[in-house]
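Visitor: Next up is a structure, given as structure tokens.
Just so it is clear, none of the values below were taken in a lab; they were calculated from the coordinates. Computed from a predicted structure; not experimentally measured. Cβ coordinates were reconstructed from backbone atoms using ideal geometry, including for glycine residues, and neighbour counts include every protein chain displayed.
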Amino acid sequence: MNLVLTPNKLNGTVVVPSSKSAGHRALICAALTDGKSIIRNMTPSRDLEATASVLREFGAAVNILETSSDGRLAVAVAGGLNASKDTLRADCGESGSTVRFLIPVGLLTGKEVTFTGRGRLKERPLEPFLRMFEQKGIFYKKGKDSLPLTVQGLLKAGIYELAGNVSSQFFTGLLMILPLLSGDSVLRSTTAVESESYINITLECLRRHGVYVEKEREGQWLIRGNQRYRPGEYTLEGDYSQAAFWLAAGIIGAPVTLKGLGSHTLQGDRAIISFIESMRGRIERDGSDLRAVPSRTEGRTVDVEDCPDLVPVLAVLGAFSRGITRIVNAKRVRLKECDRLHAQDGADQAGRNDKGKRGRVGHRRRCPSYGRPCFRLERPPYCHGLSNCGTAV
Ligand SMILES: O=C(O)C1=C[C@@H](OP(=O)(O)O)[C@@H](O)[C@H](O)C1
Ligand SMILES: C=C(OP(=O)(O)O)C(=O)O
């Protein structure tokens, strides 16, 4: 799809959609209990629907209790993975989180599970799990693409070693099920761990459900076995990845106020605030509300190792700032729902990354196609939760 963005000023107040990462984890942890949980303030999305539908296939009941006037859901989850069918089909849509979180959960069912997906998900890497299946004697079958993938087997407590530089999502998937096994496990990364803030979001969700994991040292976690997930009732916090777009819009255009963000969050994408401030962008705080005020920003070097989802918005902000903005440690964003480096202006400079060197994207103040849109988007930008805005993008 080609989307033309006409330059325009945007202002107003946005109630930020809830964190999609927190939503996936909440649904899964609730499904791993043997009781009923209620998750409030869930902004619906296709990725969350994929997780909910796979959990239903595995035997949990996931139902919408209420929909608020702004489309937020209260979701009831009755846990228990007691699917009656012998073979299960898990359609993960286009969601990397869904497939990587739910492969270990699927193995808990003891059934043969076939994971499927659409679009780019079929090509996104699953190698860390495939290697684990070989080490742990788990049956799997797949063609030349990552999906469809059929798995069957039981994971046992023990030592799990995975590369930490492909996706933190493999660690999250294992961290959610290892506490249920009979015996202690150690999860260890064989490389430096990237996107670790997402692992911390996982551990926070586990704690909410009464499950505890100890970080022993960098890249290593001790997981006591024989734990049980307790049902919970809680409200999801606002999403800093999505807030980032509105903050940039406020800096570039006219003031934008954001509501619904937690100020004590573990989300790595809260780094957008310090990035913008380091670029001399003005962000005002009023309790947990944030207000982005139009500013003349200056290019900086920003490290996205822990916050890869900020790359698109930083590229936009960089294009509107004086001087050069360098986005470093961005190599893995090639592995997302689209090749997000390729989707940015200046992606050619990032291509020299294949020998293990760190990613680097340079953005000039003006894009070469000055006066015309300089990004190719495969989907419209997020625009849930918009209210009282003078002009839409
Ligand atoms: O665990 C999660 O919720 C996510 C982890 C990150 O992926 P990587 O660990 O692959 O960087 C992030 O980019 C993705 O949007 C969501
Ligand atoms: C990369 C993303 O999610 P996932 O990895 O779950 O597909 C995303 O939504 O930006």
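Visitor: Sequence gap at least 6, Cα distance under 8 Å: using those rules, report the relative contact order of segment 13-225 to the nearest whole percent.
Guide: Averaging sequence separation for qualifying contacts and normalising by length gives 16 percent for segment 13-225.
Visitor: Do the alpha carbons of any pairs in 111/142; 20/156; 111/156 sit beyond 24 Å of each other, and which pairs?
Guide: Going by Cα-Cα distance, 20/156 fall outside the 24 Å limit.
Visitor: What size of dipole, in debye to the nearest 20, comes out for the chain about its Cα centre when the only charges are +1 on Lys and Arg C-beta atoms and -1 on Asp and Glu C-beta atoms?
Guide: Magnitude of the dipole: close to 900 debye.
Visitor: Which order do the peptides 172-178, 293-299 take when ranked by the mean count of other beta-carbon atoms within 10 Å per residue, highest first?
Guide: Top of the packing list down: 172-178, 293-299.
Visitor: Going toward the positive end of the dipole of the chain, with +1 on Lys and Arg Cβ and -1 on Asp and Glu Cβ, which of 325, 13, 219 do you reach last?
Guide: After comparing all options, I get 325.
Visitor: Could you give the size of the charge dipole of segment 140-205 about its Cα centre, using +1 on the Cβ of each K and R and -1 on the Cβ of each D and E, expressed in debye and rounded to the nearest 20?
Guide: Value, rounded to 20: 380 debye.
Visitor: Same structure, new question: Would you mind telling me the antiparallel percentage of the DSSP bridges in the chain, rounded to 5?
Guide: Within the chain, antiparallel bridges account for around 65 percent of the total.
Visitor: Restricting to segment 240-350, what percent of DSSP beta bridges are antiparallel, rounded to 5?
Guide: The antiparallel fraction comes to roughly 65 percent.
Visitor: Oh, and also: Highest mean first, how do 316-326, 155-165, 209-219 rank when packing is the count of other Cβ atoms within 10 Å averaged over residues?
Guide: Put in order of decreasing packing, that is 316-326, 155-165, 209-219.
Visitor: Continuing with this model, one more query. How large is ³J(HN,Hα), in whole Hz, for each residue of segment 127-136 in order, when computed from phi with the Karplus curve 6.51 cos²θ - 1.76 cosθ + 1.60 and θ = phi - 60°, using x for Gly and Pro?
Guide: Each residue of segment 127-136 in turn: 3, x, 6, 4, 5, 5, 4, 5, 5, 9 Hz.
Visitor: Can you tell which of 38, 81, 316 lies farthest toward the positive end of the dipole of the chain, using +1 and -1 charges on the Cβ of basic and acidic side chains (Lys, Arg; Asp, Glu)?
Guide: 316
Visitor: State which entries of 136/215; 36/136; 85/122 exceed 31 angstrom in Cα-Cα distance in the structure shown.
Guide: 36/136
Visitor: Need the full-extension length gain, residue 145 to residue 234, defined as separation in residues times 0.36 nm minus the C-alpha distance. One decimal, nm.
Guide: The residue 145-residue 234 span can extend by a further 28.2 nm.
Visitor: Kindly state, to the nearest 0.05, the FRET efficiency for residue 84 paired with residue 296, given R0 = 51 Å and r defined as their beta-carbon distance.
Guide: Result of the calculation: an efficiency of 0.25.
Visitor: Still on this model: Show me, for segment 3-10, the HN-Hα J-couplings you get by feeding each phi into the Karplus relation (A = 6.51, B = -1.76, C = 1.60, θ = phi - 60°), rounded to Hz, glycine and proline as x.
Guide: Once θ is set to phi - 60°, the couplings for segment 3-10 become 10, 9, 9, 8, x, 7, 8, 10 Hz.
Visitor: Can you pull the one-decimal nm distance between simple spin-label points at residue 224 and residue 136, each 7 Å off the Cα toward Cβ?
Guide: 2.1
Visitor: Size of the dipole of segment 13-225 about the Cα centre, Lys and Arg at +1 and Asp and Glu at -1 on the beta carbon, nothing else charged, in debye to 20?
Guide: 240
Visitor: Something else: Residue by residue through segment 111-122, what is 3J(HN,Hα) from phi via Karplus (6.51 cos²θ - 1.76 cosθ + 1.60, θ = phi - 60°)? Round to whole Hz and write x for glycine and proline.
Guide: Residue by residue, segment 111-122 yields 9, 7, 10, 10, 8, 10, x, 10, x, 5, 4, 5 Hz.
Visitor: Using packing as a proxy for protection, rank 257-264, 242-249 so that the peptide with the highest average count of other Cβ atoms within 10 Å comes first.
Guide: 242-249, 257-264
Visitor: Measuring from label point to label point, each 7 Å out along Cα→Cβ, what is the residue 1 to residue 191 span in nm?
Guide: 3.2
Visitor: Within segment 74-111, find all residues whose amide N lies under 18 Å from a label point positioned 7 Å from the Cα of residue 127 along Cα-to-beta-carbon.
Guide: The answer is 100, whose backbone nitrogens lie closer than 18 Å to the label point.
Visitor: Share of antiparallel DSSP beta bridges in segment 8-166, in percent to the nearest 5?
Guide: Given both bridge residues lie in segment 8-166, the antiparallel proportion sits at roughly 80 percent.
Visitor: Of 338, 290, 254, which is farthest on the positive side of the dipole of segment 240-350, counting Cα position, with +1 on Lys and Arg Cβ, -1 on Asp and Glu Cβ, and the Cα centre as origin?
Guide: Sorting the options by dipole projection puts first 254.
Visitor: In addition: Expected output is a single nm value to one decimal: the length gained when fully extending between residue 8 and residue 264, i.e. 0.36 nm times separation in residues minus the C-alpha distance. What is it?
Guide: Taking residue 8 through residue 264 to full extension adds about 88.9 nm, to one decimal.
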